[in-house]
Amino acid sequence: MAVMTYREALNLALREEMRRDPRVFVMGEEVGLYEGAYKVTQGLLKEFGPARVVDTPIAESGFTGLGIGAAMLGLRPVVEMMTFNFALLALDQIVNSAAKMCYMSGGQYNVPLVIRGPGGPAAQLAAQHSQSMETYFYHVPGLKVVRPTTPMDAKGLLKSAIRDDNPVIFIEAETLYPVKGEVPEDPDFVIPLGQAIVRREGTDVTVIAYMGMMYRSMEAADELAKEGISVELVDPRTLRPMDVDTIIGSVRKTHRVVVVEAGAGFAGMGSEISAFVTEHAFDDLDAPVERVTGANAPMPYARNLEKLKTPSKDKIAAAIRRVCNANGS
Amino acid sequence: MAKTIPERKGPSALGVDAELARRLLHDMLLIRRFEEKAAEAYALGKVGGFLHLYIGEEAVAVGATSVLRADDYAISAYRDHGHCLAKGADPRRVMAELFGRRDGLSKGKGGSMHLFDRSVNFLGGHAIVGAHLPLAAGAAFAIKYEARDAVVVCYFGDGAVPQGEFHESLNLAALWKLPVIYLCENNRYAMGTSTDRALAQTEIWKFGQTYGIPSEKVDGMDVLAIREVVGRAVARTRRDKTPSLIEADTYRFRGHSMRDPAGAVYRTKEEVEREKQRDPIVMLRERALKAGILTEADVRAIEKDVNDRIDEAVAFADASPEPPDEELFTDIYKED
């Protein structure tokens, strides 16, 4: 184990996979000479050269489609979106080309492609650069969608994503890049896609959260522990395919559920989790599932309004108290 | 543009020998008959959805494919039957795909607009206009990355030219010197919108000049002219690893799709009749006969062979079962 930042963990994953497989290359805006807008690709150009660290012009649809075509012929591109907001320019390529190629061709052509970059709420970047993007992708059969919360997950999941034979949407977070944590240095260390993790064991309530919301829920859980409420925290890590079994297993243990998400609540991840918890474990529930979500508004710029947009520790703690005090048992 | 054919007899008159003339005529006729049968099958309810026929444009796919190697790639839009057949796909499996049957190229899951045949390096029919142009650049990128000398031919219509992806792809292919030949089939109408209602520059080949790409225009009804122009582009692209842009001046004799059978709202009958005088199959046949390369008996033999093969394709498609219910959930992901 080594202690490193989330950013360094991603960088190491890229380096290891590029050393392991010559078919892996990275491509995107400013990934080479500039060493990445967020420095995730720092040093890669020097180690691997311009044939494998490819600076693109600003043409998201064009270079994403180019990555898909290269993947059809067997390369394993890692396409960086400088921020995931720009992936909307490539949404047709991702949804109509990458996700459906295997199906439309009856399995003749698959697309081993990773599209990665930061998404989610950031610091005063306003409406177009600060939003939860996973909703646009996890609805689509044929895609896998990953949101890695910790440096260890960032490394282990990115390596799995690169080795996967299917298109993987891998959304990091600008706010998490400097976060430090323990990361295995073993180049064979991977975390399989589709496996949730219980980040904190508890007995009274299951809280499901990922990325920044996981850290905030952890703080809320610390606070509630002092009040005698024992919170179990589950991080799905992969949103598609979702590890339903781990989540349901936790629900059967605690009988109460709070889902926290940064994005706007309408038809969000919380809606889906709430639905399958109800379908699979209704009889185990002692209270209705509660969602704590981002406000149904675009991201404002002003600091005070921005703070109101995303769930706070207090809001999360309040929801957990409500669910625990609900009288269903 | 097309060269004037000299009035001479013998193989040199056309610049092709009897074997090649026979093959070109055969391949164009095969597509024509295939499309006619597909239209019949559509009328009978055996083919559903959208069906876009290639009738009138056969010379482009056949001429271009005739100068490719088997390890070269082709990719197309939704009017893809001709390109897929020309590249060497089995007409039986293409027809079965149109019928939505298990023995179709994609087990019936792709349909008319999404023909794929990996065995002949056909990278698919793609039905979002313009979206396959970046894919073609990507295939060329992979060829270059692996230091191979194959090329990619990307067929697209005039309707893709105003899309951003046309320009993004030309820019990337030129910038990175990718071995792709962008072959525009300008049939003058994007569905019902004529090029002069869609493009500020209707000479499509000129867009290539902006990106520094060798570009030219060719008579898309003259299979020999296409061979010459595409052959030149393929040789250059293979040798120099640079893209090419070719605009083929062609015409679809039928409507945009079976839902626009006459194609008569946005173009005149006179125009359609005039363009039919340029029928690429009739032109090649007449020239080959006149030059004495093929005889009437040769032509009849080709026609019989083609008719037999297409009848066989229809019988094969008819006999193939529907895909089993389990196929709904296969191929969504490639399993390890």
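Values quoted throughout were computed directly from the atomic coordinates according to the rules given, and no laboratory measurement underlies them. Everything numeric in this text was worked out from a predicted model, so none of it was measured. All Cβ positions, even for glycine, are placed from backbone atoms using ideal geometry, and neighbour counts span all protein chains on display.
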Under 14 Å from the Cβ of A:Lys226, count the other residues' Cβ atoms, weight Lys and Arg +1, Asp and Glu -1, and hand me the total. -3
Spatial separation of Cα centroids for region A:229-264 and region A:1-59, in angstrom: 32
Which aspartates and glutamates have a Cα lying under 12 Å from the Cα of B:Lys107, excluding residues fewer than 8 positions away in the same chain? B:Glu97, B:Asp117, B:Glu322, B:Asp325, B:Glu326, B:Glu327, B:Asp331
13 Å beta-carbon shell around A:Leu125, net charge (K/R +1, D/E -1): 0
Fraction of beta bridges assigned by DSSP in the protein assembly as shown that are antiparallel (%, nearest 5): 20
Once both label points are put 7 Å beyond Cα along the C-beta direction, the A:Phe189-B:Phe50 separation in nm becomes 4.9
With just the Cα atoms of region B:11-317, tell me how far they stretch along each of the three principal axes, in Å, largest first. 48, 46, 42
Tensor-based shape of region B:196-243 (alpha-carbon gyration tensor, a/c under 1.5 rounded, otherwise prolate or oblate): oblate
Taking a 18 Å limit on the Cα-Cα distance, which of the listed pairs A:Lys39/A:Lys180; B:Lys144/B:Lys177; B:Lys37/B:Lys290 fall beyond it? B:Lys37/B:Lys290
Percent RCO, i.e. relative contact order, over chain A, from Cα pairs under 8 Å lying at least 6 residues apart: 16
Only bridges whose two residues both fall in chain B count here: according to DSSP, what percent of them are antiparallel, nearest 5? 10
So for region A:181-308, using the alpha carbon gyration tensor with a ≥ b ≥ c as root eigenvalues (a/c under 1.5 gives rounded; past that, a/b versus b/c decides prolate or oblate), I'd call it rounded
Label-point gap, in nm, between A:Gln124 and B:Asp149 - each point 7 angstrom along Cα→Cβ: 6.0
B:Glu203-B:Glu296 FRET efficiency (beta carbon distance; Förster radius 60 Å; 0.05 resolution): 0.90
Rounded, prolate or oblate: which one fits region A:68-118, using the alpha carbon gyration tensor with axes a ≥ b ≥ c (rounded when a/c is under 1.5, else prolate when a/b beats b/c, else oblate)? oblate
Taking region B:11-317 and dividing mean pair separation by its residue count, relative contact order in percent (alpha carbons under 8 Å, at least six apart): 24
Among A:124-137, B:295-308, how do they line up by average Cβ neighbours within 10 Å per residue, starting with the highest? A:124-137, B:295-308
So how strong a dipole does the protein assembly as shown carry about its Cα centre when Lys and Arg Cβ are +1 and Asp and Glu Cβ are -1, to the nearest 20 debye? 1080
